[in-house]
Amino acid sequence: LHECLFALIDDAVRRKCIGLDCLRACTQVFRMDRLYNKRRFKQNLEAHWGSRKRLAKADSEASLYESMLLDTDLQHYDSLIDDQTWSDLDLEAIFQEIDAAAQSSLGSEYLYSKLRLQSFESDLVFEQIQIYLQKHPKERLQLQFLFAQLGKKNYNHAKKLVLQPIKPNYWWPLYILLGLLPIISLGLIFVAGSLGLVLFLTSLVVNIIFSAMTRWSLSMKLENMSYLVRIFYIADKMKGLNFPGQEYLKSSNKPFRAARVFGSVFQNQSGGSELEIILLYLNMIFLIPQMAQSYISRQIFHHQQEAKSVLDILGRLEAAISLLSYKESLPFYCQPSFCEDAGIEGKKLYHPLLSQPVSNDVSFTKNIMISGDNASGKSTYLRTVAINAILAQSLNFACAESLNLAYGSVLTAMDVSDSIETGDSYFIAESRTIKRMLESLEQEGIHYFFIDELFKGTNTLERIGAGLGIIKWLAHCPCLYMISSHDVELVATSSDVNDQFHFDSQYQDGEIVFDYQIKPGSALTKNAVNTLESLDYPEEITNGARTIIEQYEESGQWSL
């Protein structure tokens, strides 16, 4: 297409006949090029549907987190997924995979907040949107294309401008007067002659000086407002599409429809082309940027609720698209059911980040202690249950064949690390992590605790003593805990207050074989020395270790 365009221009130049016919041909080529690019992009969107590969860049986690903090003041939520739990369960990676189909920051921000700010009630509108889009792929594709026009922008200020609107100034009439003065004075030239000319030149000088004086502060305001204006523009373009909430979006966006008139003012301009230079001087002469910024600020201030609705409808719409695409990539999933009695029960739960996950059932209606060999699957199982509990409560789906649970707060203590900056040892960091779980019990409702290797940062005697103290206390609290441990004594002593499950392994031909299946009862096998042997440790070490362990099991005393 571009070669065709250059050939047309080259031929017109050689024949010295660049005229209307050539311009029409050039316009047609550009139109064809636009249509071709649009079609190719839609084909890419269709090709990536149901995959976890991104077409648009990802928003930074810091930007998404800032947006979520604004939502904490905006919306009601029953439980916050705190930073420790978010990190323990690698929920950022899961979010990125769910969010892969998002083309704008608006949908990503909505999805991030929805995943972390959990509301213990069904979101029927969100479900209705997914059902509709699944049945209408053409509308879904067109919506994706429009969201791609909105695009991504970290720290885009759209939500902040709406939730914390700037009080409009009272210079709006003055901007209009000064902006119209050059036009009025041009008309006076034909009536008053020199007086009109003097007034025209004076208005030009005044407006240019005024624009130069306010250029820096105004450019910052326009940049901060640019993404929000684009949102209003895209919302207006969606009025011709059918989807749940379309009529409400149309009415909510009505006060901002004139924003598209000022659209060019909010676009980044390099100032390198002749057209941009002309537009720059026109903006300075007629004070168009000042009028645009003042107009948008006034509309947001006086129609804040409508602006909130526009952001909410579009964010929910694109988040539903992303989730629908993600679910298409899963081997299987279910819609969970919710009950009143505390607990989580399900069939064939699996971890969504594993390429070849092993599914397991769960019956978490009583406190659970899980024992087992190293690398046998204990930690993965804890994460699998916790992740699916969060996905079920926030997004109403689970990576499972079935899942039934009661709404409740999820907190974890797994990937704890010491801190050089604060001077905390591993045990202190671990103790702080457990303490924040205990303090959460001050809030009403059900609590699900997942702890991997309780107090592994201290000596054996105090680890077991402190661990049993925690278990005894939690057994009488309104919570359910799932704890994994290597400590035989801790597992055996706590059997009166919790159910026992385990993972095991088999040592075959010098290799350790795992089936990653959870089984009732406490662990019977040990594989630490076998692991050393499979790594070709010297026989003096492995045989000596076995002898020492056997002597301890007989006498209850350690000895070299």
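The values are calculated or read from the model by the stated rules, or taken from the named source; none is laboratory data. Everything numeric in this text was worked out from a predicted model, so none of it was measured. Neighbour counts run over all protein chains shown; Cβ positions are idealised from the backbone, glycine included. Areas reflect the complete protein model, heavy atoms only, side chains present, ligands, DNA and RNA absent. Shrake-Rupley method; radii C 1.70, N 1.55, O 1.52, S 1.80 Å.
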When segment 396-413 is examined, which residues are found to be farther than 19 Å from His76 by Cβ and either in contact with a helix residue (DSSP H, G or I) (Cβ under 9 Å, 6 or more places away or on another chain) or without any contact (Cβ under 8 Å) to a residue 12 or more places away in the chain (or both)? Phe397, Ala398, Cys399, Ala400, Leu403, Leu405, Leu411, Thr412, Ala413
Filter pass, Ser371 being in contact with a helix residue (DSSP H, G or I) (Cβ under 9 Å, 6 or more places away or on another chain), within 21 Å of Ile512 (Cβ to Cβ) and hydroxyl-bearing (Ser, Thr, Tyr): yes
Given (1) in a helix (DSSP H, G or I); (2) at pLDDT 65 or above; (3) farther than 13 Å from Leu228 by Cα; (4) open to solvent by less than 60 Å² (accessible area, probe 1.4 Å), number of the condition Ser251 does not satisfy: (4)
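Looking at segment 400-419, which of the residues that are over 18 Å from Leu115 (Cβ atoms) and not small (Gly, Ala, Ser) is surrounded by the most Cβ atoms within 10 Å (Cβ to Cβ)? Reasoning before the result, please.
Taking segment 400-419 as the starting set, the residues that turn out to be over 18 Å from Leu115 (Cβ atoms) are 401-402, 404, 406, 413-419.
Among the residues that remain, those that are also not small (Gly, Ala, Ser) are: 401, 404, 414-416, 418.
Numbers: Glu401: 15, Asn404: 18, Met414: 20, Asp415: 14, Val416: 24, Asp418: 14.
Result: Val416.
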Among (1) crowded, with 16+ Cβ neighbours inside 10 Å; (2) more than 35 Å from the chain's Cα centre (by Cα); (3) closer than 16 Å to Ser376 by Cα; (4) not hydroxyl-bearing (Ser, Thr, Tyr), there is one condition Val491 misses while meeting the rest; what is its number? (3)
Index of the failed condition, Tyr448 passing every other in (1) touching a residue at least 60 places away in the same chain (Cβ under 8 Å); (2) aromatic (Phe, Trp, Tyr); (3) open to solvent by 50 Å² or more (accessible area, probe 1.4 Å): (3)
Which of the residues that make up segment 501-530 are more than 25 Å from Tyr481 (Cβ to Cβ), assigned to a loop (DSSP other than H, G, I, E, B) and among the polar types (S, T, N, Q)? Asn527
Looking at Asp373, is it in contact with a Leu (Cβ under 7 Å, 6 or more places away or on another chain) and at pLDDT below 95? no
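Between Ser355, Ser322, Ser425, Ser376, which is touching a strand residue (DSSP E or B) at 6+ places or on another chain (Cβ under 6 Å) and of a type in the set (S, T, N, Q)? Walk me through it before giving the result.
Numbers: Ser355 fails: touching a strand residue (DSSP E or B) at 6+ places or on another chain (Cβ under 6 Å); Ser322 fails: touching a strand residue (DSSP E or B) at 6+ places or on another chain (Cβ under 6 Å); Ser425 fails: touching a strand residue (DSSP E or B) at 6+ places or on another chain (Cβ under 6 Å).
It is Ser376.
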Residue in segment 427-445 that is surrounded by the most Cβ atoms within 10 Å (Cβ to Cβ), counting only those that are more than 23 Å from Phe120 (Cα to Cα) and among the basic types (Lys, Arg): Arg432
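Name the single residue that is farthest from Phe364 (Cα to Cα) among those in segment 474-483 being open to solvent by 20 Å² or more (accessible area, probe 1.4 Å) and in contact with a Leu (Cβ under 8 Å, 6 or more places away or on another chain).
Going through segment 474-483, the residues open to solvent by 20 Å² or more (accessible area, probe 1.4 Å) turn out to be 475-478.
From what's left, in contact with a Leu (Cβ under 8 Å, 6 or more places away or on another chain): 477-478.
Working: Cys477: 16, Pro478: 14 Å.
Within segment 474-483, the match that is farthest from Phe364 (Cα to Cα) is Cys477.
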Residues that are under 21 Å from Gly372 (Cα atoms), open to solvent by 60 Å² or more (accessible area, probe 1.4 Å) and part of a helix (DSSP H, G or I), drawn from segment 531-548: Glu533, Arg546
Filter segment 156-182 down to the residues that are open to solvent by less than 50 Å² (accessible area, probe 1.4 Å), touching a residue at least 60 places away in the same chain (Cβ under 8 Å), of a type in the set (A, V, I, L, M, F, W, C) and farther than 27 Å from Leu45 by Cα and list them by number. Leu161, Val162, Leu163, Leu178
Here's a check for you: in segment 498-520, which residue that is over 14 Å from Asp373 (Cβ atoms) and modelled with pLDDT under 90 is most open to solvent (accessible area, probe 1.4 Å)? Asp509
Number of the exception - Ala56 against (1) in contact with a strand residue (DSSP E or B) (Cβ under 6 Å, 6 or more places away or on another chain); (2) within 18 Å of Phe147 (Cα to Cα): (1)
Phe364 being of a type in the set (A, V, I, L, M, F, W, C) and open to solvent by 60 Å² or more (accessible area, probe 1.4 Å): no
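Suppose the filter is over 28 Å from Leu382 (Cβ atoms), among the hydroxyl-bearing types (Ser, Thr, Tyr) and either part of a helix (DSSP H, G or I) or at pLDDT 80 or above (or both); does Tyr481 pass it? Outline the logic, then answer.
On the way: over 28 Å from Leu382 (Cβ atoms): no; among the hydroxyl-bearing types (Ser, Thr, Tyr): yes; either part of a helix (DSSP H, G or I) or at pLDDT 80 or above (or both): yes.
So Tyr481 does not fit the description; no.
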Any residue in segment 388-395 that is in contact (Cβ under 8 Å) with a residue 60 or more places away in the chain and assigned to a strand (DSSP E or B)? no
Yes or no: Lys153 open to solvent by 30 Å² or more (accessible area, probe 1.4 Å), in contact with a Phe, Trp or Tyr (Cβ under 6 Å, 6 or more places away or on another chain) and at pLDDT 90 or above? yes
Take segment 39-57 and flag every residue that is free of Cβ contacts under 8 Å to residues at least 24 places away in the same chain and of a type outside the set (A, V, I, L, M). Arg39, Arg40, Gln43, Asn44
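Would segment 451-474 turn up any residue that is over 30 Å from Arg546 (Cα atoms) and not hydrophobic (A, V, I, L, M, F, W, C)? Let's see the steps before the verdict.
To start, the set of residues in segment 451-474 that are over 30 Å from Arg546 (Cα atoms) comprises 469-474.
Cutting the leftovers down to not hydrophobic (A, V, I, L, M, F, W, C) gives us 469, 472.
Yes, there is a match, as at least one residue in segment 451-474 is over 30 Å from Arg546 (Cα atoms) and not hydrophobic (A, V, I, L, M, F, W, C).
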From the list Leu411, Leu391, exactly one residue is among the hydrophobic types (A, V, I, L, M, F, W, C) and over 24 Å from Lys472 (Cβ atoms). Which is it? Leu391
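Given Ser185, Ser194, which one is small (Gly, Ala, Ser) and open to solvent by 50 Å² or more (accessible area, probe 1.4 Å)? Steps first, please.
Details: Ser185 fails: open to solvent by 50 Å² or more (accessible area, probe 1.4 Å).
That would be Ser194, the only listed residue that is small (Gly, Ala, Ser) and open to solvent by 50 Å² or more (accessible area, probe 1.4 Å).
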Return the residues of segment 451-464 that are buried (at least 16 other Cβ atoms within 10 Å of the Cβ) and not in a loop (DSSP other than H, G, I, E, B); say none if nothing qualifies. Ile451, Asp452, Arg463, Ile464
